[in-house]
Amino acid sequence: SVDTLIAVASSQRCNVFVRSVVEPQTAPPPGLQGFATVPSDESERMLTEQGQDADRYVSAALERLARAGFQCDGDVVRSHAEVALLDAVGDRDADLVVVGTRGRGRIAGIALGSVSAHLVRTAPATLVTPRPDGSALGPSG
């Protein structure tokens, strides 16, 4: 996602905000309220590890963006991805959103929903979704 952002926005030298979302499983995601899960010590440990991984990712992304000449900031939040990303877009009046994908696969994406598909429908900004090989799927919006 960082490479795509640098390629797409490098001529504009815009401000960049990087958000990574760690989704807690204490409540079901939107649309799946019948499938609530109960947190356990193991799930809390996993969330902590995911948060640490996300912190490292955001730090590395901010370093790369700063080296490429962008003014940037970022954070890691525990929330549902759709909510947290839309909040970041709205709070910053963003014109462009670059969203990485998890690559859950087609069946899981259908069953669980896709954050990028939700953002295509609801984000008030242009959305670019890089493929795992680094090329962009979009823009759409």
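Where a number appears in this text, it was derived from the coordinates with a stated rule and is not lab data. Since the model is a prediction, treat every value here as computed from it, not as a measurement.
General remarks:
- For C72, nonlocal amide neighbours, meaning residues 5 or more places apart or on other chains whose placed amide H falls under 5 Å from its own, are V16.
- Whole-Hz couplings from phi, Karplus 6.51/-1.76/1.60, listed for the stretch 82-87; x for Gly and Pro: 4, 5, 5, 6, 5, 4
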